[in-house]
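Below: one structure, written as structure tokens.
Where a number appears in this text, it was derived from the coordinates with a stated rule and is not lab data. Since the structure is predicted, the reported quantities are computational estimates derived from the model, not experimental observations. Note: ideal-geometry Cβ built from the backbone for every residue, glycine included; neighbour counts use all protein chains shown.
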Amino acid sequence: MNVPRNVSLYSLLASVILLTACGSDSFDDHSDVPSSSAFEICSDSSTSSLISTNSELVFIVEQDYATNRPGSITASIADQDSADHTFLWQQVSGPSLELASVNSPVLAFTPMSNDNYSFKVTVASDTVNYEEVVSITANATDNILRINNDHQMVANTDASLRVQNINGQVPTDISWCMYPNIDNVGFNSVDLTDLNRPLFNAPNVNSDQLISLKATATFDGQTVSDDVHLLVTKEQAIPSKAYFANPLARVHPYKAGSAYADKLVNCTYSNQLIDQCNILNELPFISQDSQTDPINTIMDRVVVSHDWMGQNFETFLRAQTHTDFIELLQSVTAVIISYDIRPAFYSGYIGAIYIDPEYLWLTPAQRDTINETPDYRSSFGEDLNYLSPYRYVKDNAYASEYIEKGNRINRAMDNMSANFARLMYHELAHANDYYPQSIHATLQGPSLREEFDRRFTSDDMTSSQLQIRYPLTSSEMYALANVQYSGENANSTQKAYTPSDVALFFSTDLANDDYAYSSTREDTAMLFEEIMMSHRYGILRDIAITDKPEVQTSSTITVEWGQRGRVGQAELRDRASYVLGQMLPDINTQLVMDGLPEPVALVKGQTWAQNLVLTADQSKSPQKVASQTDGAVIDNQPLQFSGDQHAH
């Protein structure tokens, strides 16, 4: 082990030295480790080592790197936490690797061959600027267990890990343990319900801490294991009046040279944000700025936790054959894409959209960086006796292919785009509902809070006018939405509703989705989303009310009522036309509405899977998609439920 010169190593570094220096029998008594960690304490010690440099920069490396096994290198400045420093990694030698976390203190990578690899890191702050190179060697190994993935995480934030499948199979008898560390730091609220994907909350730390875990499993009669290293970082204390009260991931402007680079993070995604920024001087709407290339103007407003998110976002924008998103993005101040955003949302006080990167990944390495913590609303409505699944379809098939987490293959841009486009239409509907371009020249500010309050109280918003002109009237659906989307407890009457009851409440009203009842804003966004997906991509939306069996899959839930392309129903035309004309004033509203196909009814009594293939001629059997064995419909897509992709 190389020890850096003139360095007092404590916290992160002291922990690593102790773990490396002590033998495996030095921690027999773990009674002083917090029981809240929920991970057992490993009987052996982590095998990290320190490599010094000619500067104050120190590298924390693994003892062994292996081909096809995830590994990492952590960069640290002695006696300093990583906050307020920027990191940029580059590979300088060895077979080219995909590096998905180049702006983190922790460089995660997977060597693809037995070779030597070198990486350069540049670390900078107001007071330091270091550039150092570190080299590692990857060797062959018989240990085939792999954990995704080593990373940096902010104290008190949620995170997840995942054990990779081996040859397409999930390893068995998985167990986890945590290597002892000098400060006895353990994780909070660990959830080991799914041992293949543990969930946990990072501890509150007084300084940056490197915490290491080990997973052990059985595969093909072998006992296999792998380590994963997590750098939990200390951040500034969150003020009591902060706009974001829960700890946020570290983010940075996608384009460092943007004219707004020094404002973007502080104005849009920071725990230090208390007062909204000045919309006229600090962070105006995109419409109030211009460059020769409008997409460059947009990219100047993008904030990311990982650079690949901005790269894929820009690729998506440039691949479109229409200008809808360029036009709609004029009404936002920024686009934030971060691994901890789930679900996506829009902030009226900030004027920014916040995107879950699950919509944007194209490679397994990119997907590995995304937090799998479930949506906080996933348990809402458990006492209700029905389900309301949805899906987007094209040519009687799912519009986008679902790729299981364990299936480590690339996702095609077309497959990614089909899902991402609907999210963009939805969130940008909110932006243009609050702040259409027609009012940008009259904005007074100084922040959007004042503009928001004026718009909200004046009933000038498209969503307000929609409810005034073409109101939804089902009191039952409004009450159920409070249970499904706001977490209210279901009363005895609601618990007793049958799928038939709910189908009647919904189908006789004028919403295209039951999420519309969560707020007038969502009513507007759901209409616009479905219209545009049908118009631009020929992709139709299925919505249904089904039963709720104990085991809920596409092949076990039975449709009570449902429609494909409900937004094209004649009774909804006035509402839909009004929303479309307000969102995109220059579009030919009548032409678009005339082009929407007539809705097709789903078949009552058939499963959700059987209803994937439909025909407009109900005299014909609509379900004839058969497997080659028994004629059963094959549908491996997970169920999706209304509102599960958006926060209101």
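Summing +1 for each Lys or Arg and -1 for each Asp or Glu, what net charge is found among the other residues whose Cβ lies under 13 Å from the Cβ of Phe285?
Working: positive: Arg301; negative: Glu282, Asp289, Asp300, Glu327, Glu451.
Around Phe285, the surrounding residues sum to -4.
The angle separating the long axis of helix 475-486 from the principal Cα axis of greatest extent in the chain is about 10 degrees. Once C-alpha pairs closer than 8 Å and six or more residues apart are averaged by separation and normalised to the residue number of the stretch 11-233, the relative contact order reads 23 percent. Seen from a random direction on average, the alpha-carbon convex hull of the stretch 11-233 projects onto 12.0 square nanometres.
The angle between the Cα long axis of helix 448-458 and the longest principal axis of the Cα atoms of the chain comes to about 20 degrees, rounded to the nearest 10. In plain terms, the chain from Thr141 to Glu450 could stretch by 105.1 nm, reckoned as 0.36 nm per residue minus the Cα-Cα distance.
In this structure, the amide hydrogen of Asn278, modeled 1.01 Å from its nitrogen in the peptide plane, lies closer than 5 angstrom to those of Leu283, counting only residues at least 5 positions away or on a different chain.
Can you give me the relative contact order of the chain as a percent, contacts being Cα pairs under 8 Å and 6 or more apart? Numbers along the way, then the final one.
On the way: 1338 pairs, mean separation 64.0, N = 648.
Reported relative contact order: 10 percent.
For a 32 Å ceiling on Cα separation, which of these pairs sit above it: Lys394/Lys604; Lys214/Lys234; Lys241/Lys405; Lys120/Lys255; Lys255/Lys394; Lys214/Lys255? Check vs 32 Å cut-off fails for Lys241/Lys405; Lys255/Lys394; Lys214/Lys255. Calculated mean residue ellipticity at 222 nm for the chain: -7000 deg cm²/dmol, from DSSP H runs with n ≥ 4 weighted as -39500 (n - 2.57), summed, divided by the residue count and rounded to 500.
Order of Glu62, Glu571 from fewest to most other C-beta atoms within 10 Å? If you can, show how the numbers build up before the last one.
Details: Glu62 20, Glu571 10.
Fewest-to-most ranking of Glu62, Glu571: Glu571, Glu62.
Round to the nearest 0.05 the FRET efficiency obtained for Ile587 and Asn167 when R0 = 45 Å and r is the Cβ-Cβ distance. Each step should come with its number before you reach the end.
Numbers: r = 50 Å, r/R0 = 1.12.
Working from the Cβ atoms, E equals 0.35.
Mind giving me the FRET efficiency for Gln320 and Ser290? R0 is 30 Å, r the Cβ-Cβ distance, nearest 0.05 is fine. E(calc), rounded to 0.05, equals 0.95. For the listed peptides 590-598, 185-193, a ranking on the average number of other beta carbons within 10 Å per residue, highest first, reads 185-193, 590-598. Quarter the surface of the alpha carbon convex hull of the stretch 112-234 and you get the mean projected area, 9.6 square nanometres.
Label sites at Phe244 and Ala397, each approximated as a point 7 angstrom past Cα along Cα to Cβ, lie 3.9 nm apart. PRE reach from Asn281 (point 7 Å along Cα→Cβ): which of the stretch 287-303 fall under 19 Å by backbone N? Hits in the stretch 287-303 for Asn281 at 19 Å: 288-289.
Pop the C-beta distance of Val613 and Thr473 into the FRET formula with R0 = 30 Å and round what comes out to the nearest 0.05. It would help to have the intermediate numbers written out before the result.
Values: r = 34 Å, r/R0 = 1.13.
After rounding, the FRET efficiency stands at 0.35.
Taking a point 7 Å from the Cα of Asp64 along the Cα-to-Cβ direction, the residues of the stretch 226-251 with backbone N closer than 12 Å to it are 226-227. For the stretch 549-613 versus the stretch 237-289, the inter-centroid distance based on Cα atoms is 38 Å.
Distant-in-sequence amide contacts of Trp561, defined by a placed amide H-H separation under 5 Å and a gap of 5 or more residues or a different chain, comprise Ile545.
Angle between the Cα long axis of helix 307-319 and the longest principal axis of the chain, 0 to 90 degrees, nearest 10? Compared with the principal axis, the helix lies near 30 degrees.
Looking at the square roots a ≥ b ≥ c of the eigenvalues of the Cα gyration tensor of the stretch 339-398, which shape do they give, rounded for a/c under 1.5, prolate if a/b is larger than b/c, or oblate? Kindly include the intermediate steps, with their values, before the conclusion.
On the way: a/c = 1.55, a/b = 1.16, b/c = 1.34.
It comes out oblate by the Cα gyration axes.
If neighbour count is taken as other Cβ atoms inside 10 Å, put Trp561, Trp608 in order from fewest to most. Can you show the working numbers first?
Numbers: Trp561 18, Trp608 26.
The order, fewest Cβ neighbours first, is Trp561, Trp608.
Under the 0.36 nm per residue contour assumption, what length would be gained going from the current alpha-carbon distance of Gln272 and Gln236 to full extension?
Numbers: separation 36, 0.36 × 36 = 12.96 nm, distance 0.80 nm.
Going from the current span to full extension adds 12.2 nm.
The stretch 375-425 and the stretch 302-355 have their alpha-carbon centroids 19 Å apart.
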